[in-house]
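Comments concern the structure below.
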Amino acid sequence: MIRLKLNPLTESATLLRRAGVVLGSVGLTALYSLLILLRALFGKLDRGIVDKYCREWSAALLRLVRANLTVRGEVPDFGDGRRYIIMCTHASHYDIPVSFVSLPGSIRMLAKKELFSIPLLGQAMRAAEFPSVDRSNRNRAVRDLEKARDMMESGIVLWAAPEGTRSPDGKLLPFKKGCFHLALDTEAVIVPVAIRGIHQVLPARTWQINLGQPVDVRVGQPLDVAGRSKQDLPEIMAEVRIRLEDLLGDGEAE
């Protein structure tokens, strides 16, 4: 078990502090996006630099809200040559920064295509190898899947939220099939990750920010779907759901 204490004090942020967190988060995101774009422009951007920037950006965001992180469970060896997809619970915008800080490897979020239209951020995500799969366009989806598979074979670990949207209370919402199709198409190893308490930091669809919240990251037993077929999709989805529910339960992950 790894404990990453940033600040144990828990409190509800004042209006002024909330404004500071929001402005600080926007500023940090713009700064690191600009750093990535400048390095890309001068041909000095590589995967190691992106990994470093992602973790620095994430740690800075979490310091703004004084999150108190604990990581439990055994993290797989992401450098063993297999393709990996982290399937994570999704109850806050902070799920991704928490994952970057808590887990090793070259993690890249499987992003919604709308994010790539955001100035600075969208261009930086493309330069930093953040993939998107557009299944509304079959030809584009095939190209996106081929690109995602190539990225995974080169060492990228994909991060995806099977719920598709943020849970308001930290409980699992119904799963969408997209990331499970991707796991089957790329013959990946699914790593279930549950983040407990994160919904209290910034509850979904609110501007209420709570400082110093305890956040418990729990890594579950991986599920290798290599050799499985589309007919196995319901079984795979059910198994991942069971593992995430177990991780979200009261018992500690081993």
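The values are calculated or read from the model by the stated rules, or taken from the named source; none is laboratory data. Just so we're clear, the structure is a prediction, and the values are computed from it rather than from any experiment. Note that we place each Cβ from the backbone using ideal geometry, even for glycine, and neighbour counts take in every protein chain shown. Only protein heavy atoms, including side chains, enter the accessible area calculation; ligands, DNA and RNA are left aside. Shrake-Rupley method; radii C 1.70, N 1.55, O 1.52, S 1.80 Å.
For the range 1-141, the spread of Cα positions along the three principal axes, ordered from largest to smallest, is 49, 36, 34 Å. Rolling a 1.4 angstrom probe over the protein heavy atoms with all chains in place gives the chain an accessible area of 49 Å² per residue. Note on Glu114 and Ser229: the extension gain reaches 38.4 nm, defined as 0.36 nm multiplied by sequence separation minus the Cα-Cα distance.
Using only the C-alpha atoms, the convex hull of the range 95-191 corresponds to 121 Å³ per residue. Rounded, prolate or oblate, given the Cα gyration tensor of the range 28-73, with a/c below 1.5 counting as rounded? Note, shape of the range 28-73 comes out oblate. Pairs of lysine residues in the range 81-231 that meet both criteria, 8 or more places apart or on different chains and Cα atoms under 15 Å apart, total 5. Taking only protein heavy atoms and a 1.4 Å probe, the accessible area of the chain is 56% carbon and sulfur. Label sites at Ala238 and Asp77, each approximated as a point 7 angstrom past Cα along Cα to Cβ, lie 3.4 nm apart. Which of the aspartates and glutamates could a cross-linker span from Lys44 if the Cα-Cα distance has to be under 15 Å and same-chain partners fewer than 8 positions apart are dropped? In chain and number order, the partners are Glu129. Long hydrophobic helices in the chain, taken as whole DSSP H segments with a C-alpha length of 20 Å or more on their own axis and mean Kyte-Doolittle hydropathy at least 0.0: 15-41, 233-248.
Taking Ser92, Ser33, Ser117 as the candidate residues, the one with maximal mean-square fluctuation in a Gaussian network model of the chain, Cα springs under 10 Å, is Ser117.
Projecting label points 7 angstrom from Cα along Cα→Cβ for Ile49 and Asn137 puts them 2.9 nm apart. Ellipticity at 222 nm from helices only: DSSP H runs of n ≥ 4 in the chain, each -39500 (n - 2.57), divided by the residue count, give -13000 deg cm²/dmol. Computed over the range 99-254, the P(r) curve from all C-alpha pair distances, binned at 5 Å from the origin, holds 2, 8, 15, 19, 21, 17, 11, 5, 1, 0 percent per bin. Each of Ile236, Ile118 has its accessible area taken with a 1.4 Å probe; listed largest first, they run Ile118, Ile236.
Of all beta bridges that DSSP places with both ends in the chain, some 40 percent have antiparallel geometry.
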